[in-house]
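*Asks:* Mind having a look at this structure? Questions to follow.
The values are calculated or read from the model by the stated rules, or taken from the named source; none is laboratory data. It should be emphasised that the depicted structure is a prediction, and the values quoted were computed from it without experimental measurement. Neighbour counts run over all protein chains shown; Cβ positions are idealised from the backbone, glycine included. Just the protein is used for accessible areas: all its heavy atoms, side chains included, with ligands, DNA and RNA removed. Shrake-Rupley method; radii C 1.70, N 1.55, O 1.52, S 1.80 Å.
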Amino acid sequence: MGFLTECKLRVGDGAEAAFEWARENLATAVDAFRDVMEAAIEGVVAVLQDPPNTGWIRDVPRREVEYLYPQDWHPFLVIGLLTALAFALHRRAGVTLLVLLGLLFVVNQGYWEETTESLTLVLFACAACMAIGVPVGIAAAHRPRLYRALRPILDLMQTLPTFVYLIPAIVFFGIGMVPGLIATVIFVLPAPIRLTHLGVSSTPAPLIEAVQSFGGTKGDVLWKAELPYATPQIMTGLNQTIMLSLSMVVIAALVGADGLGVPVVRALNQVNTALGFEAGLVIVVVAIVLDRLLRRPSA
């Protein structure tokens, strides 16, 4: 026992050295990436929270803009657009009413700004995860050796405590939304990769052979057979990405990210049961709304 502890492998020291090297040599690129992401996040949050001041009202003073377009009504405009989107996607009164009532409940509880901030974080995390996860899943389905190499990495990404991701994220990006976004992407990314791999790799051989028999190329097989067959799994991956991203809002709040995690952390620090239950219930309602809104309509 003593021999093993004396010959301890310096895993932590190696990781620290790697991060220090990256911070010293990639500082310019990291700062540029952080600035771009912060500007993009702030832009989306502004669209969801503030009335537009462009187009025909570009030269109108802010006070007159708010008279013509009251800021207090802006959440209801966004809610109306999301409700219309729910009806357009599902054509069902139940889903549309659920989305409407859920979002009105959020406004009623006074958490609209926090909700828009969390939704922005979820939006960017989902865009990054799907943009990376779907191509990687397709490549892994076509190359079994690649998937065997990826599997332990994906397991590590999902099982390593999330707080471990926050340490290098803070070192590189400081406090704010960006480190929370990075930690969220690392935690969520395995879901779209695994589900895309599952959908593409399970495409029936007769379906692939049918495309090939008509002279289809590898690209034709992918676009006309594998991706259409894998679409339900890919949509499930999107749904899981959204749910897992939303579950990270509390973790992101610990590194300075705005959103619904902030009141939860505040309630924990103050041992405030009412505030904690209220904020937690809003997170649940938002999760249900997103799930019903983006769930693939049944045939």
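*Asks:* For the stretch 84-145, state which trypsin sites (Lys or Arg not before Pro) are in a DSSP loop and have at most 10 other beta carbons lying within 10 Å of their beta carbon.
*Replies:* Passing sites in the stretch 84-145 are 91.
*Asks:* How high is the relative contact order of the chain, given as a whole-number percent (alpha carbon pairs under 8 Å, six or more residues apart)?
*Replies:* 21
*Asks:* Contour minus end-to-end for residue 160 and residue 214, with contour as 0.36 nm per residue of separation and end-to-end as the Cα-Cα distance?
*Replies:* Additional length available on full extension: 14.7 nm.
*Asks:* First compute the accessible area of the stretch 125-256 with a 1.4 Å probe, then give the percent of it belonging to carbon and sulfur atoms.
*Replies:* Carbon with sulfur: 70 percent of the solvent-accessible area.
*Asks:* Which helices, taking whole DSSP H runs in the chain, have alpha carbons extending 30 angstrom or more along the helix axis plus mean Kyte-Doolittle at least 0.0?
*Replies:* Helices passing the filter in the chain: 27-49, 112-142, 273-294.
*Asks:* Test of understanding: extend the Cα→C-beta vector of residue 265 to 7 Å, then name every residue of the stretch 14-32 with backbone N under 19 Å from that spot.
*Replies:* The answer is none.
*Asks:* Continuing with the same structure: Could you pull the Rg and Dmax for the chain, using just the Cα atoms, both in Å?
*Replies:* 22.8, 77
*Asks:* So with the 1.4 Å probe, I'd like the accessible area per residue for the stretch 80-136, rounded to whole Å².
*Replies:* Per residue, the stretch 80-136 has 47 Å² of solvent-accessible surface.
*Asks:* Go ahead and set up a Gaussian network model of the chain, Cα springs under 10 Å, then flag whichever of 31, 258, 13 fluctuates most.
*Replies:* 13
*Asks:* Would you mind telling me which residue in 191, 141, 125 has the biggest mean-square fluctuation in a Gaussian network model of the chain, where springs connect alpha carbons within a distance under 10 angstrom?
*Replies:* Result: 141 has the largest fluctuation of those listed.
*Asks:* Sorted by packing (mean other beta-carbon atoms within 10 Å per residue), highest first, where do 243-252, 98-107 land?
*Replies:* Per-residue mean Cβ counts within 10 Å order the peptides as 243-252, 98-107.
*Asks:* Less than 13 Å from a label point 7 Å out along the Cα-to-Cβ axis of residue 19: which backbone N atoms in the stretch 178-206 qualify, by residue?
*Replies:* 183
*Asks:* Taking 0.36 nm per residue of sequence separation and subtracting the Cα-Cα distance, how much length would be gained by fully extending the chain between residue 139 and residue 93, in nm to one decimal?
*Replies:* Gain in length upon complete extension: 12.6 nm.
*Asks:* So with the 1.4 Å probe, I'd like the accessible area per residue for the stretch 197-299, rounded to whole Å².
*Replies:* Spelled out: the 1.4 Å probe surface of the stretch 197-299, per residue, equals 53 Å².
*Asks:* Could you tell me whether the stretch 199-265 comes out rounded, prolate or oblate from its Cα gyration tensor? Rule is a ≥ b ≥ c as square roots of the eigenvalues, rounded for a/c under 1.5, then prolate if a/b exceeds b/c, otherwise oblate.
*Replies:* Prolate.
*Asks:* With the Cα gyration tensor of the stretch 66-204 giving a ≥ b ≥ c as the square roots of its eigenvalues, does the rule (a/c under 1.5 for rounded; else a/b larger than b/c for prolate; else oblate) give rounded, prolate or oblate?
*Replies:* The shape class here is oblate.
*Asks:* Determine the gain in length on full extension of the stretch residue 231-residue 77; use 0.36 nm per residue of separation and subtract their C-alpha separation, reporting nm with one decimal.
*Replies:* So the extension gain works out to 52.3 nm.
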